[in-house]
Structure formats: structure tokens, C-alpha cells
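Report on the structure given below.
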Amino acid sequence: MTMAIVTHASCRLHDMGDDHPEQPARLGAIQDALLASGLDFTVRHVDAPAVTREQLLRVHDPEYLDLIAAVSPTTGLAPLDDDTLMNPHSLEAARHAAGAVIKAVDLVMNDDIDTVFCNVRPPGHHAERHHAGGFCIYNNVAAGAAYALDAYGLERIAIIDFDVHHGNGTQDIFEGDPRVLFCSSFQHPYYPFSGDEATADNVINIPLPAGTGGEDFRRAVEERWLGPLDAFRPQLVMLSAGFDGHAADPMAQFRLREPDFAWITDQARELALRHADGRVISVLEGGYDLPALGRSVAAHLDSLLGFK
Ligand SMILES: [Zn+2]
């Protein structure tokens, strides 16, 4: 397997304040862990381009894109909601975070790259068609999936979201679209308090209670996701890779560990090997305990590369 990591310098300049958990140091912690593990030397590093307006219009309304541009400040911080803020670099960071996933699609469809990790922020899975929220501005994974459907004519894409929060934005964008199978596991009841009711045949949500550990998480995934994912025969597997379900994470109350993130990654990689020529695109979402985040991403990429 060959892997690329796509990122952009602007992703470290988006800063919502010293007390905000979604902080630039997250990307540094991941970078440090990849250097320490030796993974950094085995992958190709690719610079993310900026997403285009046309690419964003597949998943967001024009009025929403205009609002984001209008809120973007020249100094200080400007709020999009209670916990999602923009500084003067946020717009550029958001454009490159979404652009990273566009680039990832080109890499797995055209190049000799099998798997891509988009090491980007702001995250994206809470961004709905019309609304920002939950630290997210543009829905990065959705922009990439929509691009793969349109530009490459793919007919079936699986999006597996294992962040501890429900991927309400991705569900909002793709629910009812039979070209996408969206699977989200999350702590419930918990922010954003959605996802507990069936909405469409192409959405398989797994709400799980606070305190859920690796054994219960794996059993739920085996029972609810693996059969339907195999039957769907995805031509591309995409991951909303959130690591805030780690036992050490201060944001939520799951008890997952590095081997659990490696396990769900193995399931995704094996699914892709069976149906998608091994193509997996992983996009960073949450993960707020810096050491746990670094170790978890290293375990995740080890699995994506097929190292065990
Ligand atoms: Zn999260």
C-alpha cells in the first residue's frame, strides 16, 4: 500500500483562542507522533490546494458560502456559532481543508496512491448544507465525496464516521442520496443531539451510551455496519476520522483505545480491498487530548498501510 498525507500550512493558522480545544497544536501533536513512529518517512507529503466555489456548491448553498466570506474578519475573532469562530486565517484554512480532500480524490483515482490521510483543520462533519457548527466551517469529507461522484462518475461511496459526535452535517448533505452510504457511530445523547432516529435508507447511525468501550463499539460495528457495507460494494471508502472517543479525551465519555481505532481502520481497509481497489481517504475530524490524538492517528495510519 502507498499512502499520502495531505495538509496545508494555513491549517495551523486558524486559531479560535487559547482556551479553545480545537487548537493548532493538534496538527503538531500528530506530526510529532508520525515522526516518532517513523511513519512520516514512509508516506508521500502533498500540499493541499484551495477548494473552488464550484466544488463547495455541490454540498453548500451559495448563500452559506457568501455568509462565511462576509463573516471572515480582518482582525480578531468573529463567531459563526457559540463554539465555531473565525480568525483572519480561518477562511484560507477552511478552503485548504476542503481542498485537501479534493486532492485526495485525485490522488487515489489517478496516481499510484492507495490511501490518503488529510491532516487538516477546521474539521468538517458538523457543517450542514446551510449551517456551520461544532468547530466546522465547510464539510470537507462531503466536498470530496461529491467531487468523486461528479468528476469521476463513481456510483457508490461509503463514508464511515467514527468520531464520538454524530456526523449531522454529512447526514444532512447526503441523506436520501443512494450513491452514498453514510455510517456514523457516536455518543448519545450528546452534542449535536441528532442521529437517534432513522431518516433514510442510506444512513446507518449507531448511537451508543456514555462509557462505551472497545468491546461494545466493535460488536455494534460488526452487527450494524459490516454486512450492509459489504453489500453496498463501495468504489471508494472515506473516513471521518475523529479520535475524541479515546478514553483520555476530555470532550466526551467513550473509552476507546488505540487498538480500537486500528480495528475500525482495518475493517475499512479490508472493505476497500474487496471492493474499491484499496482506495481509502481518511479525513481528520475531532480528537482533543494531544498525546492520545498523536498515538491514535499513528495507529490509524499503521492500519491503513497494512502494518500490524
Ligand atoms: Zn467530535
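Coordinate-derived values only; no laboratory data. Owing to the predicted nature of the structure, the values given are computational and were not obtained by experimental measurement. Virtual Cβ from ideal backbone geometry, glycine too; neighbours counted across all protein chains shown.
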Region 63-137, dipole about Cα centre (Lys/Arg Cβ +1, Asp/Glu Cβ -1), debye to the nearest 20: 140
Cβ-based charge dipole, region 3-304, positive-most Cα from 240, 157, 292: 157
Dipole of the chain [Lys/Arg +1, Asp/Glu -1 at C-beta], most positive-end residue of 137, 2, 25: 2
Under the span-like rule (Cα at least 24 Å along the axis, Kyte-Doolittle mean at least 0.0), DSSP H helices of the chain: 90-110
About the Cα centre, charge dipole magnitude for the chain (Lys/Arg +1, Asp/Glu -1 at Cβ), debye: 660
Residue-count net charge about residue 88 - beta-carbon cut-off 15 Å; Lys, Arg +1, Asp, Glu -1: 0
Percentage relative contact order, region 3-304, counting C-alpha pairs under 8 Å, at least six apart: 20
Rounded if a/c under 1.5, otherwise prolate or oblate - the chain, Cα gyration tensor axes: rounded
Rounded to the nearest 20 debye, dipole of region 85-231 from Cβ charges on Lys, Arg, Asp, Glu: 380
GluC sites (Glu not before Pro) lying in DSSP loop within region 90-183, provided at most 15 other Cβ fall within 10 Å: 155, 175
